[in-house]
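Comments concern the structure below.
The values are calculated or read from the model by the stated rules, or taken from the named source; none is laboratory data. Note that this is a predicted model, so its numbers are computed, not measured. Every residue, glycine as well, gets a Cβ built from its backbone with ideal geometry; the counts of neighbours run over all protein chains shown. With ligands, DNA and RNA removed, areas are computed over all heavy atoms of the protein, side chains included. Shrake-Rupley method; radii C 1.70, N 1.55, O 1.52, S 1.80 Å.
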Amino acid sequence: MTVEAEPHITTEDTHPIATLVYDIRDSRYLNITGRCTLRCQFCPKHNGSKQVHQYELSLSAQVKPEDIIPLLGKVTSFDEYVFCGYGEPTLNLHTLIVVATHIKAAGGNVRVNTDGLGNLFHRRNILPELAHCVDSLSISLNANTEALYIQHCKPKLKGAYEALLEFISLAPDYIGQVQVSAINGLENVDIEQCRQLVEQRGCEFKQRELDVVG
């Protein structure tokens, strides 16, 4: 049975700003940053919405561990905790690692949804740090060529596509379960070529559908 979260709202002049934790099915999702290394044209936040289901996910500041830990609830009540909001969770790496370590110590499972650019952003391999507290990764690929990646995802960092492929290749050496997704319906993206890129690197492929969120 799904345990519903009490939406945690921060306020500014009494106006609601953001939900820090939210539940989908039997998983509790953790929204720890609004920052991102991509400007994906298919992302709802670039089309006037920062909402998943009934939850408003916009953030005005980086979230700290002490903001999240009191909201985790009974860890064993959830199938997993998922770091996933409308920002890239590895950009708030300290909070991710502290909170994930707390969840693991309490017997929970941790998944991180990521764009796979954490190594490029931090200029080091962050996977050994994640390996101690993360059970699974869900990485967004979304294009079978660099040109299509730039077209659809509009990365802010140079060399993003090459860095993403390298991250996908490295991830199985550190994390037990690695799933890599691409969206069916993006213009000119070849889903089968995406599948081949993923499976050649020892990861599981997941096909997602355009405009289906959560």
>> Among the listed residues 151, 179, 207, 193, identify the single one that is assigned to a strand (DSSP E or B) and out of contact with any Lys or Arg (no Cβ under 6 Å at 6 or more places or on another chain).
In response: 207
> From the list 189, 213, which one is at pLDDT below 95, open to solvent by less than 80 Å² (accessible area, probe 1.4 Å) and over 13 Å from residue 139 (Cβ atoms)?
Replying inline: 213
> Which pairs do you get when a residue that is at positive phi, found in the stretch 157-170, comes within reach of a residue that is open to solvent by 20 Å² or more (accessible area, probe 1.4 Å), reach meaning Cβ atoms under 6 angstrom, with the pair 6+ apart or on two chains?
Replying inline: none
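Examine the stretch 14-26 for a residue that is at pLDDT 85 or above, part of a loop (DSSP other than H, G, I, E, B) and surrounded by fewer than 17 Cβ atoms within 10 Å (Cβ to Cβ), and state whether such a residue exists.
First, pick out the residues of the stretch 14-26 that are at pLDDT 85 or above: 19-26.
If we keep only those that are part of a loop (DSSP other than H, G, I, E, B) as well, we get 20, 25-26.
Imposing the further condition that a residue be surrounded by fewer than 17 Cβ atoms within 10 Å (Cβ to Cβ) reduces the set to 25-26.
Within the stretch 14-26 (the criterion being at pLDDT 85 or above, part of a loop (DSSP other than H, G, I, E, B) and surrounded by fewer than 17 Cβ atoms within 10 Å (Cβ to Cβ)), the answer is yes, since at least one residue qualifies.
Just checking, which of 70, 65 is more than 15 Å from the chain's Cα centre (by Cα) and either among the small types (Gly, Ala, Ser) or under 23 Å from residue 125 (Cβ atoms) (or both)? Working first, answer last.
Details: 70 fails: either among the small types (Gly, Ala, Ser) or under 23 Å from residue 125 (Cβ atoms) (or both).
Of the residues listed, the single one that is more than 15 Å from the chain's Cα centre (by Cα) and either among the small types (Gly, Ala, Ser) or under 23 Å from residue 125 (Cβ atoms) (or both) is 65.
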> Looking only at the stretch 91-136, which residues are more than 18 Å from residue 39 (Cα to Cα), in contact with a strand residue (DSSP E or B) (Cβ under 9 Å, 6 or more places away or on another chain), in a loop (DSSP other than H, G, I, E, B) and open to solvent by less than 40 Å² (accessible area, probe 1.4 Å)?
Replying inline: 108, 133, 134
> Which of the residues belonging to the stretch 51-91 are small (Gly, Ala, Ser) and either over 20 Å from residue 138 (Cβ atoms) or modelled with pLDDT of 85 or more (or both)?
Replying inline: 58, 60, 61, 73, 77, 87
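Kindly indicate the residue of the stretch 68-90 that is charged (D, E, K, R) and touching a Ser or Thr at 6+ places or on another chain (Cβ under 8 Å) and also most open to solvent (accessible area, probe 1.4 Å) among those meeting that condition.
Let us first name the residues in the stretch 68-90 that are charged (D, E, K, R), namely 74, 79-80, 88.
When the remaining residues are screened for being touching a Ser or Thr at 6+ places or on another chain (Cβ under 8 Å), the result is 79-80, 88.
On the way: 79: 99, 80: 40, 88: 7 Å².
Only one residue fits best here, namely 79.
It is to be established whether one or more residues within the stretch 195-209 are modelled with pLDDT under 95 and either open to solvent by 20 Å² or more (accessible area, probe 1.4 Å) or of a type in the set (Gly, Ala, Ser) (or both).
First pass over the stretch 195-209, keeping only residues modelled with pLDDT under 95: 208-209.
With either open to solvent by 20 Å² or more (accessible area, probe 1.4 Å) or of a type in the set (Gly, Ala, Ser) (or both) added as a condition, the list becomes 208-209.
Checked the stretch 195-209: at least one residue is modelled with pLDDT under 95 and either open to solvent by 20 Å² or more (accessible area, probe 1.4 Å) or of a type in the set (Gly, Ala, Ser) (or both).
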> Taking the stated definitions as given, is residue 158 surrounded by fewer than 18 Cβ atoms within 10 Å (Cβ to Cβ) and within 23 Å of residue 210 (Cβ to Cβ)?
Replying inline: no
